[in-house]
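Undergrad: Pasting a structure here, questions to come.
The values are calculated or read from the model by the stated rules, or taken from the named source; none is laboratory data. Computed from a predicted model, the values in this text were never measured in an experiment. Counting neighbours? That spans all protein chains shown, and the Cβs are built from the backbone with ideal geometry, glycine included.
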Amino acid sequence: MLCKNNLLINGKLVAGEGEAVPVFNPATGEEIVSIAEATGGAG
């Protein structure tokens, strides 16, 4: 499975530019992906 971790902003997929935030599987506690936060830049 291909996993794209872009953000949907104003109908466009853009890369996050902020700090990376880990996302965990709640059943196992395993980190499954790390996604960059959105910033206040122009979208």
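Undergrad: Are any residues in segment 1-10 modelled with pLDDT of 85 or more and part of a loop (DSSP other than H, G, I, E, B), and if so, which ones?
TA: Answer for segment 1-10, where residues must be modelled with pLDDT of 85 or more and part of a loop (DSSP other than H, G, I, E, B): just 10.
Undergrad: Output the number of residues of segment 11-32 satisfying the condition of being part of a strand (DSSP E or B) and touching a Phe, Trp or Tyr at 6+ places or on another chain (Cβ under 9 Å).
TA: Number satisfying all stated conditions: 2.
Undergrad: Related question: When residues of segment 22-39 are filtered for being surrounded by 10 or more Cβ atoms within 10 Å (Cβ to Cβ) and either at pLDDT below 90 or among the hydroxyl-bearing types (Ser, Thr, Tyr) (or both), how many remain?
TA: Selection size over segment 22-39: 7.
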